[in-house]
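> My structure is below; once you've seen it, I'll send some questions.
The values are calculated or read from the model by the stated rules, or taken from the named source; none is laboratory data. Note that the coordinates shown come from a computational prediction; the quantities given were computed from them, not determined experimentally. Positions of Cβ are backbone-derived with ideal geometry, glycine not excepted, and every protein chain shown enters the neighbour counts.
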Amino acid sequence: MKTPLTADRLVASERRGIAGLLAVLVHLLFLGLMVFAVSWQTKPQPVVAEVWADFPAPDAAAPPPKPEPAPAEPTPPPPKPAPKPTPPEPEPAPEPPRPKVAEPPPKPVAEPKVKTPPTPEPKADIALEKEKKRKEVERLAEVEARHKRELAEAARRDEESRREAEAAKAAAQAAEQARAREQEAAQAAAAEQQRQRDALAAQQAQAQAQAAQQARARATDLYRAQIMRAVRSRLVEPAGVQGNPQAEVKVLQLPNGEVVSVKVTKPSGNPAYDEAVERAVLAASPLPLPADRGLFNRDVVLQFRLRE
């Protein structure tokens, strides 16, 4: 940025310009005067000659007049010709005198150079110059003040722009943080919901498994009860059995319920009762089949008490 000119610098610059201009004018004027003086002094002087009809008698005693030097000042107009004198008696013609030759004017002496003092400025010009300088100083001050105001306004706009940018950046960061918190909260809520759904599904699966297990157990118990009823309906109590003996047998059957073999695994202590149970199992063949074929088992363990 260029530094504005101050009033002192402007005044000094103008003074130097005026002084230079005056010096040039003075030198031009002095040169003109010198040229005029030289041309005036070297101006040729007029030559005056007298015309005679007859040559006068030479005067031996009087020497010819010496020519006067040409005056330095301008030559006055030539005088009127004098009246013709009466010619004397003719005498032997002497040699004609030589015509007068005008001597060359003396060389002009060069005048010494004299420095012409600077012409003082009129008071009106000085006042006008001061007024111009004052107005120029005021104009420069106004320009500088306007420049300062423009710089202050530009700085203010830059500061406002910076603050707005910082506010927008802070708002964007706050919004981003809020979105991140919302996203985290949503993810946490979704994870909690998924955990609850998984827990509920696990509970439901466990309940279903327990229910299925219970249902299977009930179906198995029902299936065993059907076999036990079929076998008891054919059991014949032997004579002389005392108490309530219990015998455990293992039955091997075919998929259609047909009994292949019966083996007492835990005898009751009364061989007659154990044999009666074996005969009853063989008599009940084919054994009843479960409604759910998945409950069927080739090996079935049965326990029989005599009095139930």
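> Look at LEU287 and say whether it is among the aliphatic types (A, V, I, L, M), over 60 Å from the mean Cα position of the chain (by Cα), surrounded by 12 or more Cβ atoms within 10 Å (Cβ to Cβ) and part of a loop (DSSP other than H, G, I, E, B).
Here the answer is yes, as LEU287 does meet what is asked.
> Let me ask another. Give the residue that is surrounded by the fewest Cβ atoms within 10 Å (Cβ to Cβ), with candidates limited to residues of segment 216-256 that are at pLDDT below 85 and either within 60 Å of the chain's Cα centre (by Cα) or small (Gly, Ala, Ser) (or both).
For segment 216-256, the residue satisfying everything is ALA239.
> Return a yes/no flag: does segment 140-159 have any residue that is among the β-branched types (Val, Ile, Thr), surrounded by 10 or more Cβ atoms within 10 Å (Cβ to Cβ) and either over 25 Å from LEU21 (Cα atoms) or modelled with pLDDT of 60 or more (or both).
Looking for residues that are among the β-branched types (Val, Ile, Thr), surrounded by 10 or more Cβ atoms within 10 Å (Cβ to Cβ) and either over 25 Å from LEU21 (Cα atoms) or modelled with pLDDT of 60 or more (or both), one finds at least one in segment 140-159, hence yes.
> Right, something else. Quick test of your reading of the structure: ARG234 fulfils all but one of (1) part of a loop (DSSP other than H, G, I, E, B); (2) within 11 Å of PHE304 (Cα to Cα). Name the failing condition by number.
Status for ARG234: all satisfied but (2).
> In addition: Report, by residue number, each residue of segment 251-265 that is touching a residue at least 24 places away in the same chain (Cβ under 8 Å) and not in a loop (DSSP other than H, G, I, E, B).
Residues satisfying the conditions are VAL251, LEU252, GLN253, VAL259, THR265.
This table checks each residue for (1) more than 9 Å from ALA247 (Cβ to Cβ); (2) free of Cβ contacts under 8 Å to residues at least 12 places away in the same chain; (3) touching a Pro at 6+ places or on another chain (Cβ under 6 Å).
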{"site": "PRO267", "(1), (2), (3)": "no, no, no"}
{"site": "ASP274", "(1), (2), (3)": "no, no, yes"}
{"site": "PRO288", "(1), (2), (3)": "yes, no, no"}
{"site": "VAL300", "(1), (2), (3)": "yes, no, no"}
{"site": "ARG307", "(1), (2), (3)": "yes, no, no"}
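> Still on this model: Could you check, for segment 217-233, whether at least one of its residues is under 30 Å from ARG15 (Cα atoms), touching a helix residue (DSSP H, G or I) at 6+ places or on another chain (Cβ under 8 Å) and among the small types (Gly, Ala, Ser)?
Taking every residue of segment 217-233 in turn, none turns out to be under 30 Å from ARG15 (Cα atoms), touching a helix residue (DSSP H, G or I) at 6+ places or on another chain (Cβ under 8 Å) and among the small types (Gly, Ala, Ser).
> Within 23 Å of ILE126 (Cβ to Cβ), surrounded by 10 or more Cβ atoms within 10 Å (Cβ to Cβ), modelled with pLDDT under 80 and within 60 Å of the chain's Cα centre (by Cα), is that true of LEU21?
no
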